[in-house]
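The values are calculated or read from the model by the stated rules, or taken from the named source; none is laboratory data. In this text the structure is predicted, and so the values were computed from the model without any measurement. Cβ sites come from the backbone with ideal geometry, for glycine too, and all protein chains shown count toward neighbours. Just so you know, the surface numbers come from the protein's heavy atoms only, side chains and all, with ligands and any DNA or RNA stripped out. Shrake-Rupley method; radii C 1.70, N 1.55, O 1.52, S 1.80 Å.
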Amino acid sequence: MRLVSTSFETHPVVAKMLVILHPNTDKNSLAFQETWNYLSKLPNVRIHEHSIEGTEQQLSELYLIGDTSKLSFEEVANLPAVERVIRIYHEFRILGRHRDDARPASFEYNGVNFSQDNLHVFAGLCAVDNPTSVETIMKALQANGQVCTRMGAYKPRTNPYAFQGHGKSCLHYVFELAGKYGIKVIAMEVTHERHLAEIDEVLEQCGRPTGVMLQIGTRNTQNFELLKAIGRQTTYPILFKRGFGITLNESLNAAEYLASEGNANVIFCLRGMKSSFGAPHRNMVDFAHVPVVKRLTRMPVCIDPSHSVGTREAAPDGILDVMHSTAQGIIAGANMVLVDFHPQPTHALVDGPQALLLDELEPFLEDIRITHEAYQKRCQLFQPKHALNSLAPA
Ligand code: PEP
Ligand code: MN
């Protein structure tokens with residue numbers, strides 16, 4: 001008798017099938033009709049369709065859900081519109097990485113490629129306070145070859161009387177300044193469906209000088225209605241933060257809500273777990289989960305050292321804990337770093353105590369470059385054929 005089971009074990013009895021169609025399959029084509037007729041008549045099997053609009057091609061995935069145990073793998077694979085069939089062994093159907101699953105672990109947004117094989121830094125303001133701070137940060141980012149940033153306009157706060165973010169009123173200058181300094185992607189948290197509409201409206205009014213990655217914060221990890229609403233749109237990719245008080249499995253299931261509604265351009269962010277055992281850090285740093293998320297899913301993995309560590313304390317080696325934990329995530333293969341900077345942390349309206357200073361930006365990026373190079377060397381050591389991927393600024 002087994003007494004212990006992990007929540008990640010495979011369930012061959014309920015295995016489902018993923019049918020990948022040839023790229024750009026026309027729904028009016030004979031091949032599609034024939035394939036659809038066969039699949040839709042299967043008893044006790046439901047089809048969940050998922051489309052992926054790529055830059056060059058349109059991909060269709062058909063998930064066969066229900067009693068697929070008696071289906072002939074070969075017969076389905078031989079249908080005229082079918083390119084490949086994959087058996088699904090765990091619950092993250094779309095974002096998951098399944099056996100023999102060669103689907104890409106990457107996506108492109110606004111000219112920037114996000115992948116499980118590269119690395120981007122999103123340094124910026126936890127909360128937008130005024131145009132001067134925004135411009136100072138963006139200027140420094142451009143001077144350091146960066147095209148991504150973080151900017152909080154909608155802040156979920158523990159205390160109802162604390163500053164809640166400037167909301168829609170700051171979006172114009174944030175987007176215009178981003179365009180001025182060549183920023184292509186801004187990670188921006190949304191806490192309500194309405195914020196998505198506001199971002200879209202203001203970006204459109206400004207002539208889309210930049211792009212936005214919608215951030216779901218840790219407090220909303222399991223806000224399923226928000227996830228469904230954000231997942232229904234495919235204009236913006238999503239930065240999804242793990243829940244600070246739930247299991248990794250529960251957070252990955254929640255991320256799958258986004259994909260199940262249509263948007264699989266999701267980056268999964270580790271940001272530490274709420275636990276007094278993490279003290280004196282703000283949270284228990286969880287960057288050892290970077291390789292776990294990459295193994296279980298095709299999502300690029302982000303680390304947020306600022307909200308994990310939460311202080312500007314340094315070790316006797318002179319290196320800040322925030323920088324040490326950043327290096328720990330990168331040496332384990334992280335693909336994105338979300339990090340708080342502020343020109344004057346003592347004046348920051350949110351999370352000043354954990355913000356890095358602008359003159360720390362250059363050494364921080366250099367530290368990241370060194371660590372990323374070490375990670376690439378580690379890959380070569382264990383997997384000589386692993387392609388070298390550059391620290392991609394764009
Ligand atoms: C943030 O990134 O600004 C933030 C509030 O993070 P989290 O949701 O991880 O607390
Ligand atoms: Mn913050």
Mind checking the dipole of region 145-247: about its Cα centre, +1 per Lys or Arg Cβ, -1 per Asp or Glu Cβ, Debye to the nearest 20? 340
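Would you work out the charge dipole size for the chain about its Cα centre, treating the Cβ of every Lys and Arg as +1 and the Cβ of every Asp and Glu as -1, and quote it to the nearest 20 debye?
Charge dipole, the chain, about its Cα centre: 760 debye, nearest 20.
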Which lysines have a Cα lying under 28 Å from the Cα of Lys294, excluding residues fewer than 8 positions away in the same chain? Lys16, Lys184, Lys228, Lys241, Lys274, Lys377, Lys385
Tell me, in nm to one decimal, what length is gained between Ile65 and His347 on full extension, where the rule is 0.36 nm per residue of separation less the Cα-Cα distance? 96.2 nm
Would any residue of region 293-333 have its amide N under 12 Å from a label point 7 Å out along Cα→Cβ of Ala374? List them or say none. 324-333
Determine the share of the chain's accessible area contributed by carbon and sulfur atoms, expressed in whole percent, with a 1.4 angstrom probe. 53
Of 173-182, 340-349, ordering from highest average Cβ density within 10 Å down gives 173-182, 340-349
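Between beta-carbons, use under 12 Å as the cut-off and find the net charge around Phe92, counting Lys and Arg +1, Asp and Glu -1.
Here the charged neighbours net out to +1.
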How much accessible area per residue does the chain have, in Å², with a 1.4 Å probe? 45
State the extension gain, in nm to one decimal, for the chain segment bounded by Asp26 and Glu49, taking 0.36 nm per residue of separation less the distance between their alpha-carbons. 6.9 nm
Give me the number: length gained by fully extending Glu74 to Ala288, i.e. 0.36 nm times residue separation minus the C-alpha to C-alpha distance, one decimal in nm. 73.1 nm
Tell me the label-point distance for the pair Arg157, Arg295, using the 7 Å Cα-to-Cβ offset, in nm and rounded to one decimal. 4.2
Relative contact order, percent, the chain [alpha-carbon distance under 8 Å, six or more residues apart]: 15
Degrees, to the nearest 10: 171-180 long Cα axis against longest axis of the chain: 90
Let me make sure I get this right: for region 108-381, a, b and c are the square roots of the gyration tensor eigenvalues over alpha carbons, sorted descending. Under 1.5 in a/c it's rounded, otherwise prolate if a/b > b/c, else oblate. Which is it? rounded
Using +1 at the C-beta of Lys and Arg and -1 at the C-beta of Asp and Glu, which of Gly318, Val174, Ile331 has the Cα lying farthest in the positive direction of the dipole of region 108-381? Ile331
How far apart, in nm, are two points set 7 Å out from the Cα along the Cα-to-Cβ line at Glu250 and at Phe224? 1.3
Cα-based helix-to-principal-axis angle, 361-382 vs the chain, degrees rounded to 10: 30
Once amide H atoms are built 1.01 Å from N in the peptide plane, which residues 5 or more positions from Leu239, or in another chain, come under 5 Å H to H? Leu214, Gln215, Ile216, Ile267
Phi angles of region 48-65, converted by Karplus (6.51 cos²θ - 1.76 cosθ + 1.60, θ = phi - 60°) into ³J(HN,Hα) in whole Hz with x for Gly and Pro, give 10, 8, 9, 10, 10, 8, x, 5, 10, 8, 10, 10, 10, 10, 10, 9, 8, 10
Simple label model, 7 Å out from Cα along Cβ direction - Tyr38 to Thr311, nm: 6.3
What is the helix-to-structure angle for 321-331, meaning the angle in degrees between its Cα long axis and the longest Cα principal axis of the chain, kept from 0 to 90 and rounded to the nearest 10? 30
